[in-house]
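Chemist: Below you will find the structure I want to go over with you.
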Amino acid sequence: MRIRRAVLEVIREHARRDSPYECCGLLIGTSGEVLEAVETTNVAADPFRRYEVPPVEHLAQIRRCRAAVAQGAAGLAVVGVYHSHPRSSPEPSPTDWEQAFEQFLYVIAGPVETETAMEIRGYRLTAGRFARTELIES
Ligand SMILES: [Zn+2]
C-alpha cells in the first residue's frame, strides 16, 4: 500500500501532540494509496490506552468521499484508520483486534514516550488475524 509522505507526517505530529493519550484519525485514499489523514477526536472512555473514532466524524468523511467521487475523484473512500501507542511499539493490541474489521487498513504509530524512535506500521485483518501490510512512502 502506498502512502503519501504528508500522511505519515500528519500521523507522527498528531501522535506527539496527543501523547500521553492515544490519537486517532481516518485514512482517505484509493485501494492502492493513502492520500490523506484526517484527524478525529478520540472519544474512548479511556484514551490513555484505547481509541475510538466518533461515528459522526466517520460518516462525515464517508459523505465527503462520496461527494468527491460524484465529482470525478474515482475510487476515493475512507480506506482505514490510524492511531498511536504512546508507550508501546506499533503492534496491534487485543483491543485493536476486537474492534477491527476486514477490508480496512490499520495504521499504528508508536512509541511516542520512549527513547525508541517512533515507527509507523500498517496491518490488515485477514481471516481473523492481523497481518503486516508494507507501507510504501509515495
Ligand atoms: Zn492500539
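Chemist: So which trypsin sites (Lys or Arg not before Pro) in the range 33-138 pass both tests, a DSSP loop state and at most 15 other Cβ atoms within 10 Å of the Cβ? The partial results should precede the final answer.
Modeler: Working: sites: 49, 50, 63, 64, 66, 87, 121, 124, 129, 132; in loops: 49, 50, 87.
Filter output for the range 33-138: 49, 87.
Chemist: Something else: What ranking do 19, 93 get, fewest neighbouring Cβ atoms within 10 angstrom at the top?
Modeler: 93, 19
Chemist: Right, next: If you project the alpha carbons of the chain onto their three principal axes, what span does each projection cover, largest first, in Å?
Modeler: Principal extents (largest minus smallest coordinate, Cα): 45, 31, 30 Å.
Chemist: In Å and from the alpha-carbon atoms only, list the Rg and Dmax of the range 16-63.
Modeler: For the range 16-63, the Cα-based Rg and Dmax read 11.8, 33 Å.
Chemist: Sticking with this structure for a sec: Suppose only helical runs count, i.e. DSSP H with n ≥ 4. What mean residue ellipticity at 222 nm does that imply for the chain under -39500 (n - 2.57) per run, divided by all residues and rounded to the nearest 500 deg cm²/dmol?
Modeler: That comes out to -8000 deg cm²/dmol.
Chemist: Please rank 82, 51, 106, fewest neighbouring Cβ atoms within 10 Å first, as an exposure proxy.
Modeler: On the way: 82 30, 51 26, 106 23.
Least to most surrounded, the residues fall as 106, 51, 82.
Chemist: For helix 55-70, what angle does its Cα long axis make with the longest principal axis of the chain, in degrees from 0 to 90 and rounded to 10?
Modeler: The angle comes out near 30 degrees.
Chemist: For 62, 108, 120, which order do you get if you count the other beta carbons within 10 Å of each Cβ and list the fewest first?
Modeler: On the way: 62 13, 108 26, 120 19.
Listed from fewest to most nearby Cβ atoms, that is 62, 120, 108.
Chemist: Pairing the Cα long axis of helix 5-18 with the longest principal axis of the chain, what angle in degrees results, from 0 to 90 and rounded to the nearest 10?
Modeler: Taking Cα atoms only, the helix is inclined about 40 degrees.
Chemist: So, one more: What is the range 63-138 by shape, rounded, prolate or oblate, if you read a ≥ b ≥ c off the alpha carbon gyration tensor as root eigenvalues and call it rounded for a/c under 1.5, prolate for a/b larger than b/c, and oblate otherwise?
Modeler: prolate
Values quoted throughout were computed directly from the atomic coordinates according to the rules given, and no laboratory measurement underlies them. Model, not experiment: these values are computed from the prediction. Here the Cβ is made from the backbone with ideal geometry for all residues, glycine too, and neighbour counts use every protein chain on show.
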